[in-house]
Amino acid sequence: PKRDWSSDVCSSDLDPYTQACAWREAACAHLNLANDAEAQEYLALALRLARDASHLTLQLDLLDDLAALHAALGDVHAACDTLRASLHLRRQHAQPGLTRTLVRLTLTELDLPPPERPTEALTGHTRELAALAPHDPLGGESWAALVHAHLHLDDPQAALHAAAQADLLLRASGQTRAALRVMADHARAHLRLGQPDQARHLLEEIGRAHV
């Protein structure tokens with residue numbers, strides 16, 4: 001039978017935190033049914049309630065949920081705005097997950113149309129990720145994001161260094177597909193440096209991996 005979410009959630013007996021959790025559950029149910037518009041509406045409502053409840057962890061979880069949904073729907077601008085809000089809260093309250101959010105924001109900003117990419121912000125993200133990557137458990141993902149960022153900022157030499165680090169860490173953690181994606185960017189960096197032989201070697205290796 002269909003569940004009556006409005007009856008469940010709108011009860012005056014429920015505090016804002018409990019209501020927020022219920023609306024998030026409703027959103028997940030709609031996502032499973034591919035009802036993206038309803039899911040987005042419910043997540044936004046849950047986020048407002050989580051703010052009313054001053055529950056920071058739930059706010060961050062909901063911001064991450066919304067960012068992922070915006071990105072899946074192709075609304076890159078909304079995804080960027082949501083990730084920026086998440087990053088701001090994590091910085092302000094010294095919450096875990098800052099590096100992962102910074103990686104997601106960097107990659108999402110790089111998905112914007114080229115004229116709309118915030119070069120100044122991306123430069124700042126790149127510096128911060130370069131400082132975090134060697135010491136963070138997400139090192140492989142951080143270095144992979146740095147490869148993209150360095151290529152966008154027209155620094156192929158830095159992209160080569162980041163690609164070498166990313167390849168090593170991603171392969172060590174069994175993330176072969178991610179490592180192959182980095183190799184493609186690694187090849188682009190070699191091409192930009194006028195090193196076609198090295199680029200061709202990498203592309204041949206990618207081709208053999210897909211056979």
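The values are calculated or read from the model by the stated rules, or taken from the named source; none is laboratory data. Source: prediction; values computed, not measured. All Cβ positions, even for glycine, are placed from backbone atoms using ideal geometry, and neighbour counts span all protein chains on display. Note: areas computed on protein heavy atoms with side chains; ligands, DNA, RNA excluded. Shrake-Rupley method; radii C 1.70, N 1.55, O 1.52, S 1.80 Å.
Annotations for the structure displayed:
- Distance from segment 167-193 to segment 74-114 (C-alpha centre basis), Å: 23 Å
- For peptides 162-168, 140-146, sequence by mean Cβ density within 10 Å, most packed first: 140-146, 162-168
- Rolling a 1.4 Å probe across the protein heavy atoms gives segment 62-211 an accessible surface of 51 Å² per residue.
- Computed across segment 70-211, the Kirkwood radius stands at 15.6 Å (inverse of mean 1/r, all Cα pairs).
- Accessible-area composition of the chain, carbon plus sulfur, in percent [1.4 Å probe]: 53 percent
- Here nothing in the chain passes the span test, since no DSSP H helix has an alpha carbon length of 27 Å or more along the helix axis and a Kyte-Doolittle mean of 1.6 or above.
- Were the residues from Tyr17 through Ala184 laid out at 0.36 nm apart, the gain over their Cα-Cα distance would be 55.6 nm.
- Considering only Cys21, Leu43, His70, and ranking their Cα positions along the charge dipole of the chain that arises from unit charges at the beta-carbon of Lys, Arg, Asp and Glu, the one farthest toward the positive end is His70.
- P(r), alpha carbons of segment 91-141 - 5 Å bins starting at zero, rounded %: 4, 19, 29, 24, 15, 7, 2
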